[in-house]
Amino acid sequence: MEERRDTVRRHAQALIAAALLAGAAGGAPVCELPPGTRLESKRLVLSYRSVPSRIAVGEHFALELAACAKPGAALPERVKLDAHMPEHKHGMNYRPDLKPAGPGRYRSEGWLFHMPGRWEFVFELGSERLTHSVQIE
Amino acid sequence: MKRAALAALLALSAGCAAAQLLDFTAAETSAILRHGPWPAPWTPDPSNRGSGNPEAIAFGERLFFEPRLSPSGKVLCATCHAPFRGWQDARARAFGLTEVERNTPSLFNVRYNRWFGWDGAGDSLWAQSIRPILDPREMGGSQAQAAALVRGDPDFSCRYEKAFGAPPPADDEALLAGLGKALAAFQETLVAGRAPFDDFRDALQKGDRAAAARYPLAAQRGLRTFVGKGNCGTCHFGPAFSNGEFHDTGVPFFVAGGGVDPGRHGGIRKLQGNPFNLLGRHSDDRGGKSATKTRHVAIEHRNFGEFKVPGLRNVALSAPYMHNGSLATLADVVRHYSEISADRLHSDGEILLKPLRLSAGESADLVAFLESLSESSSALPPRRPGTPCL
C-alpha cells in the first residue's frame, strides 16, 4: 500500500513538474518526467529509476533517466553517469553505457554494485551535477 | 559424595556455558542472515548448453580425471584439484608440468563465481576450464591435441555426442570449447555441504534460541567480529562469502625471478584477448545477459595487485591461503588482517582495509568462526561408475 502511495505521489510530482515546465515555456512541447526518483538543479529536473527496481549487491541493473530543462535553459548535450561509495572512496568495477531513448531520455546498461552500503549516483548533465544516495543491503 | 556433586555442578556450568547465545543486535542479525540460506539457489549457465545436463556432467567427470589431455600423460585436472584435498592441492603454488606463481583455488562452490581464476581472466567456468589445458606450465596441451584425443577415442566421441547432441565438430577450437563446457558442467556439481554455521544462521532466522545456542560460543564471538569490527562481510558477502570481485589485500605480488603478478589488471587484458570469452562465437548466450559483465568491465590502474575475494565455505579444508599460498593457516590469515600495513596497499585512495588490531582472544574466536564454515559431512554424490558409452 505504501509503495502504491509512493508511486502515486511520484506520478503527481512528475505531472506538476511537467505542467510547470510546459507553462513556463509558453506552449512549448510538454516535457513529462516518468515515475522515478526526482532530482532538481538550477536548470534541470531529472527523474531516474533502476531496472529492476530493487538493486541487489552483485546483480547487474540498468538505469532509465529522463531530464527536462527549466524555463530559459536547454538540455545539455553532454551527459555522464557514475556511482561510488563515498565512505570507501571507490567506484564501480564496471563502466555502464549510455544510449539516447528519445529527447531528454536515456537508458544505461551495465551497472553493478559489488558491496553493501551507501552508494551515491552522480548525474552530470552539462555543467549541472546532481547526486542521489541509496543504501544497498 | 561431595566430589560427585562438585563434578555435576561443574558439568552443569559447562553445559550452561556451551548453551549460551550472544545477544546479537538487529543489525548484526541482519548481516548474519545475508550469509544464507545454504545451499544457495543456482540456475544453469546460459552460456553453456551442457550446464546442468547429466550427459555433459558425466562426460566432464571423465575428462576431469583424464591424463591424456596433457601430452605428457602425467597431468590431469585432478592433479591440482584433488577431490580428497578439498579440490585443491594443499601446496602454496600449483605444480603441473612445473610450478606456477599462484595457489590452486578449491573448486567447492565454483559455480557461484562471476569471474574465474585469481585474476578473473575467465568470464565463464567453461572458458576457465580450457586455460590449464593450454598452459605450457600446467597441462601443456593444444587445441589440435585435445581435439584429436576426442575424435580418436570412440568412448569420448560417443560422450561428446550424447552431451551436445552432435558429433565432435571438425573445428578444433569449437571442439575444445565443448570440452570446457563438459568440464564446467561437472565442476558445477561440486557444492560444499552444510556447515555448523548454517544450522546457527537458520535457527537465528526462525527465532529458535535453543538451537542457535548449540553453536559454539567462540564461533559466535568470532562471527560478531566478522560482521562488526572486522567488517569482513563487505567483501566476503552473501551465502558463498564472496562478492565475486577483486581487492588488494596487501599480499606481496612479486614473483620469483623479479617479476610482478599484475593480478586483476592482467586478468582483464587476458579476458579481452580470449577467443573463448562470452562475447565470442563459442558462447551459447552471446546476445544474452551473461555477457553483460564482460561488455562493461572497467580496467583501472588500481587493478594492479588486486586478486579475487575467495569464498569462505570449507575454508578450513583449503590451506594454504591467499593468491600465492603465502599464509599457511587461518590463524596466519587473521593475523595478516589484524596487522595489515596500509603502506603495502595500492588502493588509489580506497580506505576499506585498515589494521583490525585484534586481541589474542578475538583472533582465536575469528578462527573458530571460520572453521565453523566447513561442512559437517560432504554433500557430494559418490563418483559415478565408469560404464562405457553406448
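We did not get these values from a lab; they are worked out from the coordinates using the rules stated. Please read all numbers here as calculations on a predicted model, not as lab measurements. Reconstructed Cβ throughout: ideal geometry from the backbone, glycine too, with neighbour counts over all protein chains shown.
Answer rounded, prolate or oblate for segment B:220-325, using the Cα gyration tensor with square roots of eigenvalues a ≥ b ≥ c: rounded when a/c is under 1.5, else prolate when a/b is larger than b/c, else oblate.
Cα axes put segment B:220-325 in the oblate bin.
Which of the three applies to segment B:160-284, rounded, prolate or oblate, going by the alpha-carbon gyration tensor with a ≥ b ≥ c and a/c under 1.5 meaning rounded?
Oblate, since a/c reaches 1.5 and b/c is not below a/b.
As I understand it, the dipole of chain B uses +1 on the Cβ of Lys and Arg and -1 on the Cβ of Asp and Glu, about the Cα centre. Which of B:T387, B:G193, B:C77 lies farthest toward its positive end?
The residue sitting most towards the positive pole is B:G193.
When the helices in chain B are scored as -39500 (n - 2.57) per DSSP H run of 4 or longer and the sum is shared across all residues, what 222 nm value do you end up with, to the nearest 500 deg cm²/dmol?
Helix contribution divided over all residues of chain B: -11000 deg cm²/dmol.
Write down Rg/Rh for segment A:70-124, rounded to two decimals, with Rg from the C-alpha atoms and Rh from the Kirkwood relation over Cα pairs.
Result for segment A:70-124 is an Rg/Rh of 1.05.
Tell me the Kirkwood radius of segment B:6-162: reciprocal of the mean inverse pair distance over distinct alpha-carbon atoms, in Å.
Hydrodynamic radius (Kirkwood, Cα pairs) of segment B:6-162 is 19.0 Å.
Compute the normalised compactness of segment B:23-86: alpha-carbon radius of gyration over 2.2 N^0.38 Å, N being the residue count.
1.80
Within 10 Å of each residue's Cβ, count the other Cβ atoms and sort A:E87, B:E188, A:E128 from fewest upward.
A:E87, A:E128, B:E188
Tell me which of B:G325, B:A210, B:V297 sits at the most positive position along the dipole axis of chain B, charges placed on C-beta atoms (Lys, Arg +1; Asp, Glu -1).
The listed residue farthest towards the positive side: B:A210.
In debye, nearest 20, what is the charge dipole magnitude of segment B:186-342 about its Cα centre with +1 on Lys and Arg Cβ and -1 on Asp and Glu Cβ, if you could check?
That gives segment B:186-342 a dipole magnitude of about 300 debye.
I'd like the orientation of helix B:330-339 relative to chain B: the angle between its Cα long axis and the longest Cα principal axis, in ° from 0 to 90, rounded to 10.
70 degrees
Run the numbers for B:V255 and B:S72: contour at 0.36 nm per residue of separation, minus the present Cα-Cα distance, in nm.
63.3 nm
Just need the relative contact order of chain B here, percent rounded to a whole number, with Cα pairs under 8 Å and 6+ apart.
23 percent
Please report B:I133, B:I351, A:I136, A:I55 as a ranked list, fewest other C-beta atoms within 10 angstrom at the top and most at the bottom.
Ordered from fewest to most neighbouring Cβ atoms within 10 Å, B:I133, B:I351, A:I136, A:I55 come out as B:I351, A:I136, A:I55, B:I133.
Quick one: Karplus J couplings for segment B:228-239, per residue in order, coefficients 6.51, -1.76, 1.60, θ = phi - 60°, nearest Hz, x for Gly and Pro?
Karplus-based 3J(HN,Hα) across segment B:228-239 equals x, 3, x, 6, 5, x, 5, 9, 8, 9, x, x Hz.
Within the set of other residues whose C-beta is less than 12 Å from the C-beta of B:A203, count the net charge using Lys and Arg as +1 and Asp and Glu as -1.
Net local charge, B:A203 excluded: 0.
For segment B:163-212, count the residues as N, evaluate 2.2 N^0.38 Å, and divide the Cα radius of gyration by that value, please.
This ratio for segment B:163-212 stands at 2.17.
Is there a quick way to get the dipole size of segment A:75-137? I mean about its Cα centre, with the Cβ of Lys and Arg at +1 and of Asp and Glu at -1; what is the value in debye to the nearest 20?
Its charge dipole is roughly 140 debye.
Cβ under 14 Å from B:A331's Cβ, B:A331 left aside: what net charge do those residues give with Lys, Arg +1 and Asp, Glu -1?
Neighbourhood net charge equals -4.
Given +1 on the Cβ of Lys and Arg, -1 on the Cβ of Asp and Glu, and no further charges, what dipole in debye does segment B:75-158 carry about its Cα centre, rounded to the nearest 20?
Dipole about the Cα centre, nearest 20: 200 debye.
How much length, in nm to one decimal, is gained on full extension between B:K289 and B:L390, taken as 0.36 nm per residue of separation minus their Cα-Cα distance?
Gain on stretching B:K289 to B:L390: 32.7 nm.
Let me check I've understood the local charge: for B:N103, count other residues with C-beta under 14 angstrom from its C-beta, Lys and Arg +1, Asp and Glu -1. What total comes out?
For residues surrounding B:N103, the net value is -2.
Obtain the nm distance between the two label points defined at B:A26 and B:A166 by a simple spin-label model: each point lies 7 Å from its Cα along the Cα-to-C-beta direction.
5.7 nm
For helix B:360-371, what angle does its Cα long axis make with the longest principal axis of chain B, in degrees from 0 to 90 and rounded to 10?
Long axis of B:360-371 versus the principal axis of chain B: about 50 degrees.
Straight distance only, please: which lysines reach the Cα of B:K289 with their own Cα at less than 24 Å, same-chain residues fewer than 8 apart left out?
Within reach: A:K80, A:K99, B:K181, B:K270, B:K308.
Calculate the spin-label point distance for B:A360 paired with B:E99, positioning each point 7 Å from the Cα along the beta-carbon direction, and give it in nanometres.
Label-label distance for B:E99 and B:A360, simple model: 3.4 nm.
Would you mind classifying chain B by shape? Square roots of the alpha carbon gyration tensor eigenvalues, ordered a ≥ b ≥ c; an a/c under 1.5 is rounded, otherwise it is prolate if a/b is larger than b/c and oblate if not.
Prolate is the answer for chain B, as a/c is 1.5 or above and a/b outweighs b/c.
What residue among B:W87, B:S47, B:P37 has its Cα farthest toward the positive end of the dipole of segment B:37-88, where the charges are +1 on Lys, Arg and -1 on Asp, Glu, each on the Cβ?
B:W87
Measuring from centroid to centroid over Cα atoms, what is the spacing of segment B:254-315 and segment B:135-209 in Å?
About 19 Å separates the Cα centre of segment B:254-315 from the one of segment B:135-209.
Hey, what angle do you get for helix B:143-152 against the long axis of chain B, alpha-carbon based, 0 to 90 degrees rounded to 10?
Helix B:143-152 sits at roughly 80 degrees to that axis.
I'd like the FRET efficiency for B:F84 and B:A148, computed as 1/(1 + (r/R0)^6) with the beta carbon distance as r and R0 of 45 Å, rounded to 0.05.
Once rounded, the FRET efficiency stands at 0.90.
I'd like the FRET efficiency for B:L217 and A:H84, computed as 1/(1 + (r/R0)^6) with the beta carbon distance as r and R0 of 35 Å, rounded to 0.05.
Step by step, r from the Cβ atoms, then E = 0.35.
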